[in-house]
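*Asks:* Next up is a structure, given as structure tokens.
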Amino acid sequence: MAITISNLSKTYSNGYQALKNISFDIADGDLVCLLGPSGCGKSTTLNIIAGLLDPTSGDIGIDGHSIIHEHPKDRNIGMVFQDYALYPHMTVLENVEFPLRVGDHRKPKAEAERIAHRYMAMTGIEEMADKKPGAMSGGQQQRVAIARALVGDPKVLLLDEPLSNLDARLRLRIREEIRRLVKSTGITTVFVTHDQEEALSISDRIALMNQGVIQQYDVPQQLYLNP
Ligand code: ADP
Ligand code: ADP
């Protein structure tokens, strides 16, 4: 699904303007990185797309349809956070099937489990179905979070610094896994990072942000980056 972000602004209640009229389009199936230093407005943008935060003005369209007034749970967007945000008292299987077991379109237990197992196999955690997140490594927990984000066949996948808590070796590995998963499912993806090398290696296009504006939006090869 294509995403259209039009004239998006956000001023927080303390008067700080975190986003200053940003606009860009994401093509169907593209993996776009929002790249920029801490505090430039990346998470604000992602949270507005997810519906976790209301913009002050502007619009977001998915396949030409405005979602700005849709409730987060009606947007069908998958999200992955830096700190995994798994339910600690639930097993891996229960975490992954959770989105299929709540809401208006909940699936019967057996069907939810069957679908969950498919996504657990895709992310390489099928063997850990009965474990609790606390007994798993960071990389394994992030694979659970990715499976949970994808299990509802979302229109869009949003990842907020998903690799930042992992060691260097795992960062490389899981970013390649994410790229492969995104390309094999064809899901339109927005990936937030402050790491240039990570953005250059994973993206179809990069939105370079600074102080609430987008300075450049281009394919990695065309991006001008300060050394
Ligand atoms: P809103 O504009 O959405 O009402 P609030 O000022 O009520 O925002 O803050 C919402 C949350 O964000 C609070 O938990 C607050 O601690 C946190 N917060 C406030 N200021 C900042 C900041 N400068 N950076 C990050 N988080 C902040
Ligand atoms: P990034 O994800 O690029 O690190 P954020 O989108 O989290 O940036 O934050 C953008 C700016 O808005 C920062 O200066 C941050 O301190 C501020 N900010 C974030 N949340 C709040 C809030 N709830 N209230 C006030 N300011 C906030």
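Coordinate-derived values only; no laboratory data. Computed from a predicted model, the values in this text were never measured in an experiment. Cβ: placed from backbone, ideal geometry, glycine included. Neighbour counts: every protein chain shown.
*Asks:* Please list, in chain and number order, the residues 5+ apart from L159 or on another chain whose amide H is under 5 Å from its amide H, with Hs placed from the backbone.
*Replies:* Here the answer is V80, V190, F191, V192, since their amide H atoms fall under 5 Å of that of L159.
*Asks:* Please compute P(r) over all alpha-carbon pairs of the chain, binned at 5 Å starting from zero, and give each bin as a whole-number percent.
*Replies:* All Cα pairs considered, the percentages come to 1, 7, 15, 18, 20, 16, 12, 7, 3, 1, 0.
*Asks:* Here's a follow-up. For D218 and S38, calculate 0.36 nm times their separation in residues minus their Cα-Cα distance, and state this gained length in nm to one decimal. Show your work: numbers first, answer last.
*Replies:* Details: separation 180, 0.36 × 180 = 64.80 nm, distance 2.06 nm.
Between D218 and S38, full extension yields 62.7 nm more.
*Asks:* I would also like to ask the following. How big is the range 1-126 along each principal axis, measuring the range of its Cα positions in Å and listing the largest first?
*Replies:* For the range 1-126, the Cα spread along each principal axis is 47, 31, 27 Å.
*Asks:* Counting Lys +1, Arg +1, Asp -1, Glu -1, what net charge surrounds M79 among other residues with beta carbon under 13 Å of its beta carbon? Numbers along the way, then the final one.
*Replies:* Details: positive: K73, R75, R148, K155; negative: D83, D160, E161.
Combined, the nearby Lys, Arg, Asp and Glu give +1.
*Asks:* At 0.36 nm per residue, and after removing the present C-alpha to C-alpha distance, how many nm does the segment from D83 to N7 gain when stretched out fully?
*Replies:* Details: separation 76, 0.36 × 76 = 27.36 nm, distance 3.00 nm.
Value of the extension gain: 24.4 nm.
*Asks:* Please list, by residue number, everything in the range 122-160 whose backbone N is under 13 Å from a paramagnetic label point 7 Å out along Cα→Cβ of D195.
*Replies:* Within reach of a label on D195: 139, 160.
*Asks:* Additional query: Can you give the calculated 222 nm mean residue ellipticity of the chain, where each DSSP H run of n ≥ 4 adds -39,500 (n - 2.57) and the sum is split over every residue, rounded to the nearest 500 deg cm²/dmol?
*Replies:* On the way: 6 runs with 71 residues, N = 227.
Rounded to the nearest 500, it is -9500 deg cm²/dmol.
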